[in-house]
Every structure is written in structure tokens, then in C-alpha cells.
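The values are calculated or read from the model by the stated rules, or taken from the named source; none is laboratory data. Not measured: the values here are computed from a predicted model. Here Cβ is always computed from backbone atoms with ideal geometry, including for glycine, and neighbour counts include all displayed protein chains.
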Amino acid sequence: MAIGRAHAISLLGLEGAVVEIEADISNNLPAFVLIGLPDAALGEARDRVRSAAGNSGLPLPSRKLTVNLSPAALPKHGSGFDLGIAMAALAADGQVSTESVARVVHLGELGLDGRLRPLAGILPAVLAAVRAGFGTVVVPAGNADEAALVPGVRVVPVVSLRDAAIWHGAELEPIPLEALMPAVPMAALDDSGDLADVIGNPDAVEAMQVAAAGGHHVYLLGPPGAGKTMLAARLPGLLPDLTAEEALEVASIRSLAGIPVRGGLSTRPPLEAPHHTASAAAIVGGGSGVIRPGAAARAAHGVLFLDEAPEFAPAALDALRQPLESGVIAISRATATARPEFAPAALDALRQPLESGVIAISRATATARFPARFQLVLAANPCPCGNSGTRDGDCRCTAMAVRRYLGRLSGPLLDRVDIRMDVHRITAGQLRASAELPRLSTVAARERILVARATAAERLRATPWRVNAHVAGSWLRSPVGAGSWLRSPVGAPARGATAALDRALERGGITMRGYDRVLRLAWTLCDLDGTSRPGADHIGRALYLRKAAR
Amino acid sequence: MAAKDELGARGERLAERHLLRQGLTLLDRNWRCPQGEIDLVLRDGDEVVFVEVKTRSSVAFGHPLEAITAAKLARLRRLAGAWCEAHPGAGRIRIDAVAVIAPRDLPAVIEHLERVF
């Protein structure tokens, strides 16, 4: 008897590897042997495949069936290989065309009745299949919409194993069955709102626009009810639409997280707001068996909002530092056994993503990488009771308690946050006055931000960066970089523009990293103003944005 | 004789006839020892062949080969050892399985698997 071959995709993070499934039927007592590092869920494919095949009118022979998943050393997880295993076995038995089965990628979990169940992570899996050079993928009918989002691939949706076998040339009558569809998620509450809803706090409103224009991280400090959450929720609305590539990446991460992608690609940046009890693994990703993306990866190309930031476990925050800088999360692992991801503390988990913009979760044999180029918005109360520094509130926190509370946000983390802004409760007078004052709407603000972003992108054309916040400090200060404009003796207006900044550095008021960040902020302010280079005014405002909160 | 034993005996006769037609020679039939019974012992060239015969009247309750479990195979191996002890100089041995699907009033279907362990 011939050997049947089929292909499936093993996902590790967002990257997929093609797995070749070989099936051999030998003349021996009936058995189903599955080799090639399957995990528990994949090992159970044996029983699902045999039952599904029998109930689809394509019984597997009463012989020894050996299925090998190669590369043998790659750990394989989950139930998405069921369809591939079934097709390889049927091809080995001669029930379907061997050539036809070997040419396409099969994805899908089988039910015992032979119907195909939709899978999580179809989008990244189909992308991986296309990158590996496959032109056709067979997917469960419930995943057809999601798979079709990938350009340049022929998607064959099938309801059941029988349909798939007929597509591959089995001479059977189709039996119409009801397709299994993914559970419809609860409609996400769209509470992003309009910027015009924000009353008072003009500095903070401006700061959010600067953040959106330059891609800067933001730290909002203020008493409860001051509008920190309201401001943070409006940031995604200020960001420009995602590019097609970014939208596909965002949708892929959602798909991997088990959120079905429906109604086409969303081009709006995502907002993730994890609760402050989140663990480091919930923030950066992880989990036993399949490595799942955390909140930081789901916020890629969008906004990660950490409300009540000092309440987060320190390890979770500091784990974000590297992704913040590099824009990628990488998770590596040795085995599929469950183990604690990190030390229990969670604020420190944020440090790494902040630095690199990538989260890399490493165990011995494999590394999962997730994009993590997000904008971080931290919000904190000024003290445990929240009333410190307010005019109307009565704060009874001791000075020590206040220091300890804010000290939970580590220096290395805050050093990566460009904008620090105080947010105040509005007074009755401000509320009355707000009726007459014109307020900027999200649409108008976004226009202004798009222009500023275009200016920055034009200036950074020859560099790997697109927004000011990502520019390396050395380039800012180098003779060929943007900094050369500030220091050039011919540029009269810019001459001495950095004097205030240099003084702050000399006094030790800011670090060298802080110096670079002020320069970046000044460039963003300059782009928003439409001027060609930052002046002393921009540097001064940048210093204010960086230093405002205590 | 109970119906199931009658079916088993009929299956063993059919299997024996099938194997003899393949050119094997019979050494023992239903050889017994304290550990149990071997359905058929035959010689195929220089090999001694121990055969487990499994008979069903239909596959409604599974294929007969599926009923040959790892425990049954292990027992058959011990029995083969016992047979060799009783018949010194047996030479190389192998264990085969024969499935007989023998529906009432219809010709039986015989499947023969060599070297099943």
C-alpha cells in the first residue's frame, strides 16, 4: 500500500511551520500509532480520526496505521492536525487521490460525526501556508471568512471529512450537514468616545495628541474622577488607520487568542486594558501547551492601557520593558509541561517590551515571537486614597505611604515613558465655562495628527523608523541625524534651543535617556506646529510634558 | 455446543483449510498446556507458525482482528515458548493472525496477517 502525505501548520506564536503528515498502512493487527512529538490533545486525534472516518462512510482499514508528523523534533500542539491526519490515512488506503491530498494544506479539528470544528489561529496558519508556497488550503467552513482574509490563496471551506474526501476525488454522494460555526463573541463595547467629551484638562488633551502624533508612551497621574480613563480610551481614536499589513497582524493575534475574526479586517488600532491583578504571563503571554499572546501582544499597533498602574505586580510591568523598545515578544520553551512563567511579581514584566517592542518568551527548545509595538498608557492615583494634592479631597495618607505607592512604578519603567501628565478634577467653574469653549473633536485632532505623522515619516524616510518615539537617541544627536539641525551653527533659530535641556542634564535633573526623549518630544511638538525644526519653545514644552507629574 | 463455540470451531476449520492451501503443513491443532491453548501450529518452510484464529459472523461489533489485544498476543508468545519446550529443535518461529468473517449462509472472508508482533 502507498504512503499518504498531507500537510498542516504548527503555530508557535505568530509564526507557523509546515508539518508533513505521513501515513502508512502495514499488514499488522489493527492499531493507530501517532508519532512525532504530539501533545495530549493531538494524541487523541487517533480516536477522533478513526470515529470520524467511520461515521463519514470512509472507514479506515482494520490494519496497523502509522502516522508520522515531521519534522519529528518540533513539538506539535492541539487538534488542528485532525483533518490532515485523516486525509493522509485515507490517501494511504487509496480512498482519495494521493497527489491531490499532498498538494494542499489541511487545517481543522474533527468531530466524531465527521464534521469539522473551527479552530483558533486560522489566520496566522493560512499566512504561514502561503509563505511556505502553498496555494490552496482546506479549512473548516466555520473558518472560511477568516482564512479568506489572506491574500493570494485559494480557500476550500469544507463542512465535513466526507466533503473534503469528495473534493480530493473520493467517489461518494455528498451528504448535506449543518456546518459548525465558531461561537459568536459578545459585541465589544465601543466606549472610545470622542475627544470633545473631555472637559477641562487642556494640557492633558494636548498631551494625548502629542502621544498620538509621535507614538510616545504616556503616564497620567491624577485623583479618581479626573478623567484619566476617559483620556486613555480616546487615544486609539486619535491614531491613524492601520496599514493592511498591520491590520492582518492585529487580526492574526486576535485569531490566535481565540477571538474569531468576523466581518473583514478592522483597520482601527486595538485598545487593551488588562485588570491590575493580571500576572506577568497574562501581560506578555505564555501558558502551558500552546503559547498564547498576552495583553501586550493583543495591543500591538494599538494602545495598552494600564489603569491603577501601581496596583500591578511589579514583575508584570517590568516584563514590558523590552517589548516597549524592540516591538516584539518572543516566548521560548523546552517542553509542553505546565510551569510558572515567571517569578510571581508581575510590574517588572513590562520593562522588556518597553525597550524593544518585542516580547520573547523563551523555554529551551522553542521561541514564540509576538509583535509588541504598542503605545503604553499608565494611569495612577497620586496616593493610596487618591486625594493627595486635590483641593476638595481630604488625604490622610502619610508621606511615606504616598512615596511607597508611587515607588511601585520602577524608575527604569518610567524612564521609558516620554510624557508624564497631571490630570485634575474639573471645577464647577470649568464645567460652566466649557459650554462656551470650543472643544477639539477626535476627527479634527486626527487630521492634525496625520499631518504631523506624515511630516515625521518624510523626515525619517531614510531610516528604519516611522514615528519620533522610535528614533534611536544616537541618531537624534548624531551629526547626520535630526539633532544636527538643532546644533548646526547656520540654523539661527535653533541655536541655543537645547540650552535649557543641557542645563537639566548638567544638574542631573534628567538622564541621558531622558535627554533623548525630550528631543523626540520636541520634534513631535514641532511636527504638530508645522515648523521645520524645534526651537527653544518646543524644547521647553517637551521638558514640561516629561516632567509635569511628580 | 454453544453457538459461539460452534462458530469458533467452524472458523478454525476454514482457517486451517486456507493455510494448508497456501502450502503450509499442519503440526498441531488446538494444542493445550496449563497456560492455555494454541489454535493452530503449522510449518512454513523452516519456520514454525503459531496462528491465532478469530472468527465473527459480522463486523457489527468490530473487526475480528481488533479483538486480538496486546494481552492476547503476550499470552500467545508464552504459549509458543511452552510449545517449543515440548518440541525441542523447532527452529525459527513466527506468530500469525487469521480473521474469519463467516456470516450465516454466505461464503466466509478470510484475512491472514503474518508476523503480528
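Remarks
- Looking only at residues in segment A:407-454 that are acidic (Asp, Glu) and outside any helix (DSSP H, G or I), the one that is farthest from A:Leu376 (Cα to Cα) is A:Glu436.
- The residues of segment A:99-125 that are among the basic types (Lys, Arg) and surrounded by 24 or more Cβ atoms within 10 Å (Cβ to Cβ) amount to a single one, A:Arg115.
- Counted residues, segment B:1-26 - those being free of Cβ contacts under 8 Å to residues at least 40 places away in the same chain and not in a loop (DSSP other than H, G, I, E, B): 12
- Selection within segment A:1-16: residues that are over 21 Å from A:Ala251 (Cα atoms) and assigned to a strand (DSSP E or B). The member of this set that is modelled with the lowest pLDDT is A:Ile3.
- Verdict on A:Arg408 being over 23 Å from A:Leu238 (Cβ atoms), basic (Lys, Arg), under 26 Å from the mean Cα position of the chain (by Cα) and in the same structural domain as A:Thr229 (by TED's automatic domain parsing): yes
- Any chance B:Ala60 is more than 15 Å from the chain's Cα centre (by Cα) and away from chain A (no Cβ under 14 Å): no
- Filter pass, A:Val139 being under 23 Å from A:Ile3 (Cβ atoms), crowded, with 20+ Cβ neighbours inside 10 Å and at pLDDT 90 or above: no
- Of all residues in segment A:17-53 being surrounded by fewer than 22 Cβ atoms within 10 Å (Cβ to Cβ) and small (Gly, Ala, Ser), the one that is nearest to A:Glu249 (Cα to Cα): A:Ala17
- Segment B:58-74: number of residues that are of a type in the set (Gly, Ala, Ser) and either buried (at least 19 other Cβ atoms within 10 Å of the Cβ) or within 16 Å of B:Arg115 (Cβ to Cβ) (or both): 2
- From B:Arg115, B:Arg77, residue being surrounded by fewer than 19 Cβ atoms within 10 Å (Cβ to Cβ), within 18 Å of B:Arg29 (Cα to Cα) and within 14 Å of chain A (Cβ to nearest Cβ): B:Arg77
- Members of segment A:376-395 that are modelled with pLDDT of 85 or more and in a loop (DSSP other than H, G, I, E, B): A:Asn381, A:Pro382, A:Cys383, A:Pro384, A:Cys385
- Restricting attention to segment B:95-111, the residues being more than 9 Å from every other protein chain (Cβ to nearest Cβ), farther than 11 Å from B:Leu14 by Cβ, of a type outside the set (Asp, Glu) and surrounded by 14 or more Cβ atoms within 10 Å (Cβ to Cβ) number 1.
- All positions within segment A:27-56 that are touching a helix residue (DSSP H, G or I) at 6+ places or on another chain (Cβ under 6 Å), in a strand (DSSP E or B) and either farther than 28 Å from A:Val126 by Cα or within 14 Å of chain B (Cβ to nearest Cβ) (or both): A:Phe32
- For segment A:57-73, the candidate set comprises residues that are within 14 Å of chain B (Cβ to nearest Cβ) and assigned to a loop (DSSP other than H, G, I, E, B); within that set, the residue that is surrounded by the most Cβ atoms within 10 Å (Cβ to Cβ) is A:Leu60.
- Pairing each residue of segment A:387-412 that is aromatic (Phe, Trp, Tyr) with any residue that is modelled with pLDDT of 85 or more and surrounded by 14 or more Cβ atoms within 10 Å (Cβ to Cβ), provided the two are 6+ apart or on different chains, yields C-beta distances under 7 Å for A:Tyr405/A:Pro310; A:Tyr405/A:Cys383; A:Tyr405/A:Pro384.
- Residues that are surrounded by fewer than 20 Cβ atoms within 10 Å (Cβ to Cβ) and over 38 Å from the mean Cα position of the chain (by Cα), drawn from segment A:74-97: A:Gly94, A:Ser97
- Selection status of A:Ala462, under 13 Å from A:Leu528 (Cα atoms) and either outside any loop (DSSP other than H, G, I, E, B) or more than 23 Å from the chain's Cα centre (by Cα) (or both): no
- Only one of the listed residues (A:Ser255, A:Ser266) is in a loop (DSSP other than H, G, I, E, B), of a type outside the set (A, V, I, L, M, F, W, C) and under 24 Å from A:Glu146 (Cα atoms). That residue is A:Ser266.
- Among the numbered conditions (1) outside the structural domain of A:His275 (by TED's automatic domain parsing); (2) crowded, with 16+ Cβ neighbours inside 10 Å; (3) within 22 Å of the chain's Cα centre (by Cα), the only one that A:Val155 does not meet is (3).
- Residues of segment A:299-312 that turn out to be over 21 Å from A:Met208 (Cβ atoms) and buried (at least 24 other Cβ atoms within 10 Å of the Cβ), as a count: 1
- Hits in segment A:112-170 (condition: within 25 Å of A:Gly13 (Cβ to Cβ), assigned to a loop (DSSP other than H, G, I, E, B) and hydrophobic (A, V, I, L, M, F, W, C)): A:Leu119, A:Ala120, A:Ala132, A:Phe134, A:Ala148, A:Leu149, A:Val150, A:Val153
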